[in-house]
Amino acid sequence: MIYTYGITEQGAYHVKNNIPCQDEHYIVKYGDNMIVAAVADGCGSEEHSDIASKIAAKVSVDFCVEHISMPEDKDDILNIIKKSFLLAQNTIEQKAKDNGHSVDQYDTTLTLAVMYKDTLYYGHSGDSGILALTAEGLYEQVTEQQQDEEGRVFYLFCSDKWVFKKFEKQVCSVLLATDGIFEPLFPYLIKYEPVNIHVSLARFFMDNKILQIDELGEDAVKARIADFIHNISDEQVNDDKTIVVLVNPSIESKEQSDNYYKEPDWVGLKKIHDEKWKHDAYPHLFKEQKDI
């Protein structure tokens, strides 16, 4: 059986400025062996993007649940996911038209996962993301954040950027998150380290050896994770926060060495980062010191 929890919390910046939560998540269980879930993040500068994110998540998931019958051919599943994205975007455009608004005010990301037993299929648009815990016990980034060189997000209307794939490794657990939670899993200080994922944090969210979701129940696990997310400081994350996790306890992940799970040396990494930044920003000063 696959278990799940999902949490969306309004970010501190939105609370302070009386802006609606623009994140959304939606989860549907289909029997014991399949879950379809999506996260969506409305564009923060757009007036009606909270409506768009709600439409995108629900419409896409409901369409997939209605049309996917396992087991099915991989290409058929991915084609259904693609059609769900098209339907979501068309529904958003129609909603904007019905309300007399410009569709530009309804920008949203959309990231969707279909987990069937130990297999992951997904569709992706924008800067949210998916992380997988494989049967080998490794945490792997499944999707890349879609942004241009200036950091502008490619939202759902950018259909040429959509990605639909099957993840080729056996999975025990899958995490979907909007950027408020996804980005802290990839801190800039470890970007170029051999392991560039904040493994101890991912493990807290995803590993059933810690979650014990089959023993404690989905509600208890959700409450514990929600409390953790609520207590993340505003300095760390002031954006809306959404996380969805799908767990199949029957697929056990291998244990890695203790070194893989340990917390990085943040102080030492920060020192190295600052020294590199100074060297890159003021190379002439370092040249002068070397000449002396």
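Structural remarks
- Pairs of Cα atoms nearer than 8 Å and 6+ residues apart set the relative contact order; for the chain it is 23 percent.
- For the stretch 180-197, Karplus couplings with θ = phi - 60° (6.51, -1.76, 1.60), whole Hz, Gly/Pro x: x, 9, 5, 5, x, 6, 10, x, 5, 5, 10, 4, 10, 7, x, 10, 9, 9
- In whole percents, the pair-distance distribution calculated for the chain from its alpha-carbon pairs, binned every 10 Å from zero, is 6, 27, 33, 22, 8, 3, 1, 0.
- 5 angstrom amide H check on G137, placed H, neighbours 5+ away: K254
- Among H14, H230, the order of accessible area from largest down is H230, H14, computed with a 1.4 Å probe on protein heavy atoms.
- Net lengthening on full extension, V163/D32 (0.36 nm per residue, minus Cα-Cα): 44.5 nm
- Taking 0.36 nm per residue of separation and subtracting the current Cα-Cα distance, fully stretching the chain between H273 and D148 would add 42.6 nm.
- Karplus-derived 3J(HN,Hα), 6.51/-1.76/1.60, for each residue of the stretch 99-109, Hz, glycine and proline x: 8, x, 10, 6, 5, 4, 8, 10, 6, 7, 8
- Taking θ as phi - 60° and the Karplus parameters 6.51, -1.76 and 1.60, the scalar couplings of the stretch 110-115 work out to 7, 10, 10, 10, 10, 10 Hz in sequence order, x denoting glycine and proline.
- Measuring nothing but how far apart in sequence close Cα pairs (under 8 Å, 6+ apart) lie, relative to its length, the stretch 92-249 scores a relative contact order of 22 percent.
- Remark: relative contact order (the stretch 106-174) = 40 percent; criterion is Cα-Cα distance under 8 angstrom and separation of 6 or more residues.
- Ordering I272, G151, F228 by the projection of their Cα atoms onto the charge dipole of the chain, which places +1 on the Cβ of Lys and Arg and -1 on the Cβ of Asp and Glu, puts I272 at the extreme positive end.
- About its Cα centre, the chain has a charge dipole of approximately 260 debye under the convention of +1 per Lys or Arg Cβ and -1 per Asp or Glu Cβ, with nothing else charged.
The values are calculated or read from the model by the stated rules, or taken from the named source; none is laboratory data. Predicted, not measured: the structure shown is a model, and the values here were computed from it. When we count neighbours, we look across all protein chains shown, and the Cβ atoms used for this are built from the backbone with ideal geometry, even at glycine. Ligands, DNA and RNA are stripped out before the accessible areas are found, and what is left, the full protein with its side chains, is counted by its heavy atoms. Shrake-Rupley method; radii C 1.70, N 1.55, O 1.52, S 1.80 Å.
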